[in-house]
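All remarks here apply to the structure that follows.
The values are calculated or read from the model by the stated rules, or taken from the named source; none is laboratory data. Since the structure is predicted, the reported quantities are computational estimates derived from the model, not experimental observations. All Cβ positions, even for glycine, are placed from backbone atoms using ideal geometry, and neighbour counts span all protein chains on display.
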Amino acid sequence: MRAMQQQQEPAQVRVPHVLTVAGSDSGAGAGIQADLKTCAARGVYCSTVITAVTAQNTAGVQGVNILPEEFVREQLRSVLSDMHPDVVKTGMLPSPGIIKVLCQSLKEFQVRALVVDPVMVSTSGDILAGPSILATLREELLPLADIVTPNIREASALLCGARLETVADMHFAAKKIYDLGCRSVLVKGGDLPNCSDAVDVLFDGKELFEFRAARIKTYNTHGTGCTLASAIAAELARGSPLFYAVKRAKHYVESALDYSKDILIGEGHQGPFDHLLTLKNNALNECMPRPFDPSSLLLYAVTDSNMNKRWGRSISEAVQAAIEGGATIVQLREKDANTGDFLEAAKTCIKICHSRGVPLLINDRIDVALACDADGVHIGQSDIPAHVARKLLGPEKIIGVSCKMPAQAEKAWVDGADYIGCGGVYPTNTKQNNITVGLDGLKTVCLSSKLPVVAIGGIGISNAKPVMDLGVPNLKGVAVVSALFDRESVLAETQHLLSVITDSRSQ
Ligand SMILES: Cc1ncc(COP(=O)(O)OP(=O)(O)O)c(N)n1
Ligand SMILES: Cc1ncsc1CCOP(=O)(O)O
Ligand SMILES: [Mg+2]
């Protein structure tokens with residue numbers, strides 16, 4: 001037992017675990033790299049035993065370097081003897097000797113399930129494991145497998161070159177491979193000629209199942225086989241029965257292929273896809289202001305729909321005008337809006353802000369910020385605590401916290417905030433019963449704070465200069481509500497205020 005457990009630490013959580021025994025793909029679309037990403041996407045830990053290192057890209061396989069059998073054995077022993085994976089998934093097993101070593105290890109260290117992807121030829125047509133492995137694969141490894149996942153070519157090779165051209169042939173192949181001793185077979189029909197759908201056939205010794213899906217038009221299919229097998233392994237590790245493991249794994253692969261159908265990585269004819277379904281969104285949002293830049297606090301526009309309503313403007317019209325006037329960050333502070341309207345307004349405002357590289361934060365409402373994928377939130381001392389907001393929003397989002405005192409500023413820093421809003425600097429009618437800290441209170445907070453500070457409260461064209469002239473380097477700007485939004489022209493007021501604060505700074 002571990003020393004930590006003896007010291008009465010909280011109960012530890014055992015996580016599902018797949019060990020992949022496969023080759024490394026330098027292009028990271030297939031092999032070990034695909035297995036790692038798949039398991040991460042499916043919420044399962046993945047350890048790795050590397051059998052070969054390949055030099056590979058989107059054009060094909062340029063080189064293969066097979067690891068010594070004894071070193072494969074050593075890796076297997078390291079992982080199996082200590083980490084006790086639930087499921088082993090195999091990919092490229094490039095020599096009969098390596099397959100024998102694996103079979104010995106699997107007999108010595110039992111696992112709950114074995115998924116065998118009989119990788120032989122890459123999708124680019126390059127040989128990854130030659131015909132010399134076939135006898136050992138058939139006779140020694142397949143009888144240990146819970147599921148074997150050949151594509152058409154691999155199924156044909158396992159059946160001594162049988163011609164497989166129709167779905168009926170796939171049924172036949174699944175049954176014949178089952179007879180080699182494994183507990184189930186999934187013959188993948190992605191390469192089946194003259195078939196408009198992608199059809200896979202599962203045989204579990206009793207029943208034949210067909211999984212049909214429309215073909216996704218994409219060049220980004222490199223690593224599909226490895227991914228499907230490791231997704232099945234991950235679902236089995238999580239406790240799914242075999243049929244549901246295959247069903248969920250197929251659904252995952254289809255979603256990833258569909259999401260990635262138009263991403264561009266590499267110059268070759270077959271690209272990788274995105275296992276985590278994030279890359280495209282990140283690339284499309286490249287005009288988003290990230291990471292947080294404290295200089296964006298310079299002219300911080302905070303909305304108020306009652307004021308804007310009085311002047312006959314929608315929230316988004318007000319935000320558009322503030323940005324055109326030079327606002328460098330926007331906060332939607334909509335105390336009276338119902339949630340649905342707030343969310344719709346937020347979505348519109350995000351588009352406006354991001355088209356100009358301006359971050360958009362939400363006042364108080366983490367739920368709205370999450371729902372519209374805002375850049376962050378601003379919260380006060382009686383709102384959701386900043387450390388909880390950080391946990392909910394993750395490390396990337398901007399979190400601002402209102403502070404009137406140094407102790408609050410210190411706590412905001414510890415809790416993971418990005419900036420502090422300090423005020424009211426001057427008396428204000430916008431926030432009821434708000435204590436005024438004055439310029440001295442603002443300076444005290446700034447001097448004690450490790451975070452950048454924006455001043456708020458009663459600030460406008462006539463009194464912004466003394467704030468900006470305070471002479472503390474971490475005071476980055478002013479946040480204003482009524483001076484922009486309780487005026488006839490938001491655009492003109494924003495421009496004017498910007499000129500006041502930039503003039504003060506340049507003196
Ligand atoms: C930039 C900035 N600073 C302070 C506040 C005030 O936040 P809070 O104390 O939570 O009060 P409400 O705005 O929620 O009334 C702010 N909104 N923005
Ligand atoms: C939200 C807030 N927090 C402290 S003062 C204040 C109101 C600021 O509004 P105005 O700029 O109109 O004084
Ligand atoms: Mg608040």
Filtered residues of segment 360-373 (kept if surrounded by fewer than 24 Cβ atoms within 10 Å (Cβ to Cβ) and away from ligand 1 (no atom under 11 Å from the Cβ)): 366, 367, 368, 370, 371, 372, 373
Exclusive hit being closer than 23 Å to residue 39 by Cβ and touching a His at 6+ places or on another chain (Cβ under 9 Å), set 190, 225, 271: 271
Which numbered condition residue 303 misses (of (1) in contact (Cβ under 8 Å) with a residue 60 or more places away in the chain; (2) farther than 16 Å from residue 362 by Cβ): (2)
Candidate set from segment 398-407 (those that are within 16 Å of ligand 2 (Cβ to nearest atom) and of a type outside the set (A, V, I, L, M, F, W, C)); member that is nearest to residue 421 (Cα to Cα): 402
Residue among 457, 471, 416 that is at positive phi and either buried (at least 21 other Cβ atoms within 10 Å of the Cβ) or in contact (Cβ under 8 Å) with a residue 60 or more places away in the chain (or both): 457
Selection count, segment 363-397, where residues are within 16 Å of ligand 2 (Cβ to nearest atom), part of a loop (DSSP other than H, G, I, E, B) and not small (Gly, Ala, Ser): 4
Check on residue 431, within 16 Å of ligand 3 (Cβ to nearest atom) and charged (D, E, K, R): yes
Which listed residue, of 235, 286, is of a type in the set (D, E, K, R) and modelled with pLDDT of 95 or more: 235
Single residue of segment 294-309 satisfying the filter (surrounded by fewer than 19 Cβ atoms within 10 Å (Cβ to Cβ) and closer than 23 Å to residue 477 by Cα) that is farthest from ligand 3 (Cβ to nearest atom): 295
Criterion (in a strand (DSSP E or B), farther than 19 Å from residue 127 by Cα, more than 23 Å from the chain's Cα centre (by Cα) and at pLDDT 95 or above) met by exactly one of 53, 18, 88, 72: 88
Residues within segment 374-384 that are within 13 Å of ligand 1 (Cβ to nearest atom) and in contact (Cβ under 8 Å) with a residue 40 or more places away in the chain, tallied: 2
Some residue of segment 374-387 being modelled with pLDDT under 95 and surrounded by fewer than 14 Cβ atoms within 10 Å (Cβ to Cβ): no
Test result for residue 416, more than 11 Å from ligand 1 (Cβ to nearest atom) and more than 23 Å from residue 477 (Cβ to Cβ): no
Top-ranked residue in segment 452-507 [being more than 41 Å from the chain's Cα centre (by Cα) and of a type in the set (Lys, Arg); ranked as nearest to ligand 2 (Cβ to nearest atom)]: 487
Residue that is more than 14 Å from ligand 3 (Cβ to nearest atom), in the same structural domain as residue 348 (by TED's automatic domain parsing), at pLDDT 95 or above and within 34 Å of the chain's Cα centre (by Cα), where the choices are 370, 442: 370
